[in-house]
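The values are calculated or read from the model by the stated rules, or taken from the named source; none is laboratory data. All of these numbers come straight from a predicted model, not from anything done at the bench. Here the Cβ is made from the backbone with ideal geometry for all residues, glycine too, and neighbour counts use every protein chain on show. SASA here: full protein model, heavy atoms, side chains in, ligands and nucleic acids out. Shrake-Rupley method; radii C 1.70, N 1.55, O 1.52, S 1.80 Å.
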Amino acid sequence: MGLRVLLIEDDETIAEPLTEGLGHFGLTVDHVATGAEGLRGPYNDVVLLDLGLPDMDGIDVCRGIRQVSDVPIVILSARGEEADRVLGLELGADDYLAKPFSVRELVARVRAVTRRTQRTRQTFPEPPGTPGTPAAPGTPEPLPPYEPAPSPTYEPAPALAYDPPAPPSYDPAPGPPHDPGPLVVDRRTRQVWVGDSPVPLTPKEFDLLALLSEDPGAVYSRQQILDRVWDPHYDGPTKTLDVHVAALRRKLGHPAWIRTLRGVGFRLAVHTGPNAPQVASP
């Protein structure tokens, strides 16, 4: 019997040919377009997860699935940066494949992760005898069969073990070498621009930038940010905040947009001068 795959991908131009291509290799695909649908399950034999989902960050979906299931997860994403790969793998993904990719390579990776899972389960075989018959002395207790939860309780609390370099004790870089234009954070449409260039952000990255832009120049402590952007009861490693700040700095085009105050927190820089970039937050 062929493998059954849960594909969590919002882009139909990717999902449709991918479903067809996987079918040619004997894989059956159940496709959903949102993170919420994916979290409801069932997860089948393996999950193929896109990170750029419309309703939530795919990293949160990975975290939610892993809280309730050990099903193999392969992340499919256009985000090929090291921080994204490390974050996904540390949250429990079994593999990470950057777009674009070939269907043949994806099938090979799916088969590899399912083989690893099957070997792990075979380490604990069922005890001899009929169900209910006590195992012979010395026989290890079997693991219960894997049954995906149909409706997991999801709490979007990302956690990771990724440890980026410690932030410097001084503000990085005095400012952009040229005027990139104003930084605009539009909360109504959840869009961001630097000058005339749109900046695509994940939901968590936008929420973090929107918080800092509420009062540009004001310092927000790490705990304040975690409470408002993640969860008031978040108790995971705080390094997840450093990963998101690093991603924001990269996407905004210069690290000087977000300043670190060592041991205190972060602030959105307010540049002064006749040609300095400004922050607008409609």
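Key figures
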{"quantity": "Amide H partners (placed H, <5 Å) of Tyr96, local residues excluded", "calculated": "Ile75"}
{"quantity": "Peptide ranges 241-251, 215-225, 27-37 listed from the most packed, as the mean C-beta count within 10 angstrom indicates", "calculated": "241-251, 27-37, 215-225"}
{"quantity": "At R0 = 41 Å, FRET efficiency that the Cβ-Cβ distance of Gln223 and Ala78 yields, to 0.05", "calculated": "0.80"}
{"quantity": "Using θ = phi - 60° and Karplus 6.51 cos²θ - 1.76 cosθ + 1.60, couplings along the stretch 213-225 (whole Hz; Gly, Pro as x)", "calculated": "7, 4, 9, x, x, 6, 8, 10, 5, 4, 5, 4, 5"}
{"quantity": "Extension gain from Phe25 to Asp10, taking 0.36 nm per residue of separation minus the Cα-Cα distance", "calculated": "3.2 nm"}
{"quantity": "Three-way shape call for the stretch 4-122 based on the alpha-carbon gyration tensor, with the a/c threshold at 1.5", "calculated": "rounded"}
{"quantity": "Rounded Å value of the spacing that divides the Cα centres of the stretch 60-75 and the stretch 6-28", "calculated": "19"}
{"quantity": "Accessible solvent surface per residue of the stretch 4-122, calculated while the other protein chains remain in place, 1.4 angstrom probe, Å²", "calculated": "43"}
